[in-house]
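Shown next, in structure tokens, is the structure this report addresses.
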Amino acid sequence: MPDTGHRQQETAPVERRIDAIEAIFEARGMNARAAIEEFEHTIEEKWLPENGARVVAKAWTDPAFKKRLMENGRAAVGELGLTMPPHHRHLIVKENTATLQNVICCTLCSCTAFTIIGLPPDWYKELEYRARVVRQSRTVLKEMGLDLPESVDIRVWDTTADTRYMILPERPARTAGWSEEQLAAIVTKDAMIGVARLA
């Protein structure tokens, strides 16, 4: 190939690119570092699976709340002081039973109801999970440690641009008489995604 005199520039390391972006914001009077720190605080202190655990525990102990949750998840979680971004227009809650296992995924990227169930785990974002859980759900769940008998039906729900899903796990029989706080303590992010059952 002839030499045209053009040389491809090397890509700067991530650190230098971040510094450059921050400098542009700073030059325009915006404090990028403060915004990043505030965002990190939100992720670490507010967008937690404990939010969803509270929702699950409330649904297990309050039939009227559960009915509202199943009819309009976004409005119901709002009753508990939990918020969702404007573009999460719908929160659809699917209930697991002894004979039905609901599972959520996002085949396009890694969307979840992150303000309710927390940020998605790394495996949730991987192409292998996103592609295979739809076509080979029973196999994928088994590989993740959830070996379901053939008598249990599996349904996979794919997130859309404006719709987020949350799974309402089946309440363990051993928890009869437990308080909401005790119940919330056993609810896991994996159970609210649908790749685990609570023992």
Inside segment 158-177, can you point out the residues that are aliphatic (A, V, I, L, M) and either within 16 Å of Glu95 (Cβ to Cβ) or without any contact (Cβ under 8 Å) to a residue 24 or more places away in the chain (or both)? Met166, Ile167, Leu168, Ala173, Ala176
Listed by range, helices (runs of 4 or more DSSP H) wholly within segment 103-164 having at least 1 residues that are over 12 Å from the mean Cα position of the chain (by Cα) are 127-135, 137-143
If Cys111 passes every condition in (1) under 23 Å from Leu48 (Cβ atoms); (2) surrounded by 15 or more Cβ atoms within 10 Å (Cβ to Cβ); (3) modelled with pLDDT of 95 or more but one, which one does it miss? (3)
Flag for Arg171 being assigned to a loop (DSSP other than H, G, I, E, B), among the basic types (Lys, Arg) and within 16 Å of Val56 (Cβ to Cβ): yes
Taking segment 160-174 only, how many residues are of a type in the set (S, T, N, Q) and at pLDDT below 95? 1
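The values are calculated or read from the model by the stated rules, or taken from the named source; none is laboratory data. Nothing here was measured: the structure is a model prediction, and the numbers come from that model. Neighbour counts run over all protein chains shown; Cβ positions are idealised from the backbone, glycine included.
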